[in-house]
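Asks: To start, I am sharing the structure in question, which I have written as structure tokens.
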Amino acid sequence: MEKTMNMPRAAALAAFLEGMMVLAFLYGLSREVEKVEKPQVTLIQLTQAPEAPKTVPPPPTPKPPPPKPEVHHTVAHQEPVPVPTPTPAPPPVVPTPVTPVPVTPAPPQKVAEAAPAPPQHLRPADISVTFADKVRSAVQGAVVFPMAARAAHLSGQTKVTFDYKDGVASAASVLTTSGNRILDKAALAAVHVAHFPAATAEYAGRVLTFEIWVKFLGVDEHE
């Protein structure tokens, strides 16, 4: 009984499969037909041809100018001009020789001789006695007797030399020593501290060299 019932199912399944295969064949056949029948369209791009250049007409040829009329000049007949006869030149004038007049040269003028400039450095012999005494008194009045020499009862005199200019002394030195260094130093110190007189108009701006004896007297000695 079961075998009889399975027979129709198998036949139906086989028929279904056969139908499906037929459908598949027909579907594949229709696809092939579509490929053959469908026309292939090729796109052709049309390009616009370039425009032809415009032809410019040539400019008109200018007309040649009309010919100028010929002018005929009438030459008047001229009479020949007479050539003047040259006049002979006058003879050259010979100048009369002039006798030169001797010129006596003027005597040269005497140039006043400039007075010689006075010497700027005066020695002791060139200095007046009056001014030299004033300078000597200024130095002697500035002497300070050293206490050590006074205690030792020393005395003497030192000859000094120095330059004087406008009331200022410089370059002092000892010419003749007193025999004692203390007194010599005191003599030079008196030159540096002395109040000298002002230079007179005769000695202004000039250097005067003096040689002066500076005296150191004891208590019992008097000048």
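No lab work stands behind these numbers, since they all come straight from the coordinates. What you see is a predicted model, and the numbers here were worked out from it, not measured in a lab. Every residue, glycine among them, receives a Cβ derived from its backbone with ideal geometry; neighbour counts consider all protein chains shown.
Asks: Hey, what did the range 141-223 get for relative contact order, percent, Cα under 8 Å, at least 6 apart?
Replies: Here the relative contact order equals 42 percent.
Asks: Test of understanding: what is the full-extension gain from ARG123 to THR96, defined as 0.36 nm times their sequence separation minus their Cα-Cα distance?
Replies: 2.2 nm
Asks: Take SER30 and ARG181, extend 7 Å from each Cα along the Cα→Cβ direction, and tell me the distance between the two endpoints in nm.
Replies: About 15.8 nm separates the two model spin labels.
Asks: Take GLU18 and ALA189, extend 7 Å from each Cα along the Cα→Cβ direction, and tell me the distance between the two endpoints in nm.
Replies: Here the modelled spin labels are 17.2 nm apart.
Asks: Each label point is 7 Å from the Cα along the Cα-to-Cβ direction; what then is the distance between the points at GLN157 and VAL207, in nm?
Replies: 2.8
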